[in-house]
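Asks: Here it is: the structure, laid out below.
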Amino acid sequence: MFKKTLIDQFHYICDAYADAVALQSNVEELSYSVLRARVISMTGVLRNYGVNPGDRVVMVVDNSIDYVVAFYALWEIGAIVVAVNSQAKIYEIEKIISQSQAKIMLTDNLNEKSKQSLRATDVEVVALGDVDLTPADNINNVSPVDDDGFQAKESTLAQIIYTSGTTGNPKGVLLSHGNLMTNTRDIVEYLKLTENDSLLNILPFHYSYGNSILHTHLCVGAKVIFAGTMAFPQQVTNDIRKYGVSGFSGVPSTFNLLLTHSDWINDPPTLRYITQAGGPMSRTLTNHLLKSINPRTRLYVMYGQTEASARISWLPPESLISKAGSVGITLEHVSVEIRDEKGNSLPANTAGEVYVSGKSIMQGYWNNPSATQKVLHNGWLKTGDLGHLDLDGYIYLKGRNSDMIKVGAHRIHPLELEEIINMLDFVSECAVTGIEDEVLGQKLQAYVVGDESKANLFALKKHCNEYLPAHKIPSKIKWVDQLPKTASGKIKRHQLNSQLEIMK
Amino acid sequence: MNEVAVNTETLLRNYILENYLFTDDQSKLNNTDSFLDSGILDSMGILELIYFMDEELSIKVLPDEMIPSNLDSINNLLAFIERKNS
């Protein structure tokens, strides 16, 4: 049974599965009733800080029980969650605070320097470590305190997820409670998730993939276990075995690491389902993974976008061979069309751009009507992905109609990095591209026009490190005399790698 | 510490300083600093470190040796390499 919003569903599940374990970390495990008690207790804390329905609250919090408690407490109040990468540097966080007009920021790991920097903004910083919610654990079966009578509707805004923007400013994807509930429900149905499932999670909750993993499992009464980092793949494989989980989700590089840097192949874990999203996985890796898993384990290849709440399509595991290379069929509440450059619908087996519509498509970008107009047309989302449909309605993707670079699970727009690098005096201009990488799919390479020296290289990397999280720092820097440009002076981005290699 | 160990320490320290801290100022890295907790390396950085050890030191890190107590600081690396070589 499904309620209209995920917060209503949360209360329904907390009643139905009060004693079942909802969350497990290496420190503690929480039943649904205790989780709800902490959520209610947290709403008191947040209200004391003046959080009201409709307020945007930025969360810079690592995956943790605190993250989940704060997230659902914000929904309980009716606030809009703005979860940000916990590795983001203060420069990026400040942009998001200002763009989302957030008054409160919840965090668990800001250093003193960052806190001082934020004091220059109007935002109030609340350290989750200083909030004590434990007395609430003694309260059994707490009911939602609805003193201000707030009740989220399907159209109420629930969350803003920021994505790498083309102007250097991040774009806030607006998702309503209805968007998220629809998508979550569709995913639960095709994955056949139940209260008997448990998942070992390694994906960050602030991205739409991790976000959907959290909500799809909590909305059926399943268990989410927090795992360590993919820096130590063998430990992740060991944890899958140790906890005997039924599910595991990753991006292509996750599976590459598990297959090459752990003993997964020698003794494949017994899982009910594995999900893969976050960029195309090569056929070789897909086949490799498929061969390595127990025949009863169902491998779900999926495709999605933050602008579509998370998921757009899924490939039924029985079609992995017959429809190899496809990202599958659309979810129940998603429609797809392939269109030409003028927006005309194209027949099967004809390549064009992927457009999707349905109840899980975003409301637009926060305070950015021009960016919204570019991608939302009469209820259809222009995804920027290129591909075709076969006669059975299976989607096949082939590249993107944009410059977005995909490094592991991260989508990065080159302009965002170029803006940072161009701040340096000794750089006259630069261009960032993606180069192929065996593990990550792509890596970042910066072509820089400027004086080449070891000191400048250090200064450049140090500067990047100050403004950007590790995954956005170019792996390779190449100094060049000039960048290839069109007659009108635009950088020929698609030709950068090939042209500049020849020019060297 | 013998000469080989000193060279190994210098090699590892310089690799981390130059590629992840972007400096040659030796004071910026303590041998006890946790690479992951202090944000010096992320998961890909750990992997790159493993490739570096293979190429430069001929140290092959096996999957079950990929644990923080072997890899998460200069001191942990040095102790691990010494055990591997002994």
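Just so it is clear, none of the values below were taken in a lab; they were calculated from the coordinates. A quick note: this is a predicted structure, and the numbers were derived from the prediction, not measured. Please note: Cβ atoms are built from the backbone with ideal geometry, for glycine as well, and neighbour counts cover all protein chains shown.
Asks: Fewest to most neighbouring Cβ within 10 Å: what's the order for A:E436, B:E48?
Replies: Numbers: A:E436 9, B:E48 17.
Exposure proxy ranking, most exposed first: A:E436, B:E48.
Asks: So if I take the centroid of the Cα atoms in the stretch A:353-396 and the same for the stretch A:479-494, what is the distance between those two points in Å?
Replies: 30
Asks: Continuing with the same structure: Please list, or write none, the lysines whose alpha carbon is within less than 23 Å of the alpha carbon of A:K476, excluding same-chain residues fewer than 8 places away.
Replies: List returned: A:K89, A:K406, A:K443, A:K454, A:K461, A:K462, A:K485, A:K490, A:K492, A:K504, B:K28.
Asks: Please work out how much length the chain gains when fully extended from A:S428 to A:A324, using 0.36 nm per residue of separation minus the C-alpha to C-alpha distance, in nm with one decimal.
Replies: On the way: separation 104, 0.36 × 104 = 37.44 nm, distance 4.57 nm.
Between A:S428 and A:A324, full extension yields an extra 32.9 nm.
Asks: Give me A:K89, A:K291, A:K171, A:K342 ranked fewest to most by other Cβ atoms within 10 Å of their Cβ, as a rough exposure proxy.
Replies: On the way: A:K89 18, A:K291 10, A:K171 25, A:K342 5.
If I rank by nearby Cβ atoms, fewest first, I get A:K342, A:K291, A:K89, A:K171.
Asks: In square nanometres, what is the average projected area of the Cα convex hull of the stretch A:297-354?
Replies: 4.9
Asks: What is the sum of charges around A:I321, taking Lys and Arg as +1, Asp and Glu as -1, for the other residues whose C-beta is under 12 Å from the C-beta of A:I321? Walk me through the intermediate numbers first.
Replies: Working: positive: A:R283, A:K291, A:K323; negative: A:E318.
Here the count lands on +2.
Asks: Now for a different question. Kindly state, to the nearest 0.05, the FRET efficiency for A:H288 paired with A:N111, given R0 = 30 Å and r defined as their beta-carbon distance. Let's see the in-between values first.
Replies: Working: r = 41 Å, r/R0 = 1.37.
FRET efficiency, A:H288 to A:N111: 0.15.
Asks: Continuing with the same structure: By DSSP, what percent of the beta bridges with both residues in the protein assembly as shown are antiparallel, rounded to the nearest 5? All intermediate terms of the calculation are to be shown ahead of the outcome.
Replies: Working: 50 of 84 bridges.
Given both bridge residues lie in the protein assembly as shown, the antiparallel proportion sits at roughly 60 percent.
Asks: Would you list, by chain and number, the lysines whose Cα falls below 28 Å from the Cα of A:K153, excluding same-chain residues fewer than 8 positions away?
Replies: Within reach: A:K3, A:K4, A:K103, A:K171, A:K192, A:K223, A:K359, A:K374, A:K382.
Asks: So what is the orientation-averaged projected area of the stretch A:173-241, using the convex hull of its C-alpha atoms, in nm²? Can you show the working numbers first?
Replies: Values: hull surface 20.6 nm².
So the Cα hull casts an average projection of 5.2 nm².
Asks: Continuing with the same structure: Sort A:V224, B:V4, A:V375 so the one with the fewest other Cβ atoms within 10 Å of its own Cβ comes first.
Replies: Working: A:V224 25, B:V4 11, A:V375 19.
Lowest to highest Cβ neighbour count: B:V4, A:V375, A:V224.
Asks: Counting each DSSP H run of 4 or more residues in the protein assembly as shown as -39500 (n - 2.57), what helix-only mean residue ellipticity at 222 nm follows after dividing by all residues, to the nearest 500 deg cm²/dmol? Walk me through the numbers on the way to the answer.
Replies: Working: 18 runs with 199 residues, N = 590.
Only helices count here, giving -10000 deg cm²/dmol.
Asks: Turning to a different aspect of this structure: Compute the signed sum of charges (Lys and Arg +1, Asp and Glu -1) over the other residues within less than 14 Å, Cβ to Cβ, of B:D24. Walk me through the numbers before you get to the answer.
Replies: On the way: positive: A:K454, A:K461, A:K462, B:R13, B:K28; negative: B:E18, B:D25.
Surrounding charge for B:D24 is +3.
Asks: Something else now. Semi-axes of the protein assembly as shown's equivalent ellipsoid from the Cα gyration tensor, sqrt of 5 times each eigenvalue, largest first, rounded to whole Å?
Replies: Working: eigenvalues 253, 183, 145 Å².
For the protein assembly as shown, the semi-axes come out at 36, 30, 27 Å.
Asks: What net charge is computed for the residues neighbouring A:L128, neighbours being all others with C-beta under 14 Å from the C-beta of A:L128, Lys and Arg scored +1, Asp and Glu -1? Can you show the working numbers first?
Replies: Working: positive: A:R38, A:K115; negative: A:D62, A:D66, A:D108, A:E124, A:D130, A:D132.
My count for the surroundings of A:L128 gives -4.
Asks: Once each part is reduced to its C-alpha centroid, what is the distance from the stretch A:300-325 to the stretch A:203-274 in angstrom?
Replies: If you average the Cα positions of each part, the centres end up 18 Å apart.
Asks: Hey, how much of the P(r) for the stretch A:186-316 falls beyond 26 Å, as a percent of Cα pairs? Don't skip to the end; give the middle numbers.
Replies: On the way: 1112 of 8515 pairs.
Above the 26 Å cut-off, the stretch A:186-316 has 13 percent of its Cα pairs.
Asks: Could you tell me the center-to-center distance, by alpha carbons, between the stretch A:427-452 and the stretch B:3-37 in angstrom?
Replies: 25
Asks: Just to check, using Stokes-Einstein with a Kirkwood Rh over alpha carbon pairs, what's the diffusion coefficient of the stretch A:412-503 at 4 °C and 1.567 mPa s in µm²/s?
Replies: The Stokes-Einstein estimate is 96 µm²/s.
Asks: With 14 Å as the cut-off, how large is the P(r) tail for the stretch B:3-85, expressed as percent of Cα-Cα pairs?
Replies: Numbers: 2033 of 3403 pairs.
Within the stretch B:3-85, distances greater than 14 Å cover 60 percent of Cα pairs.
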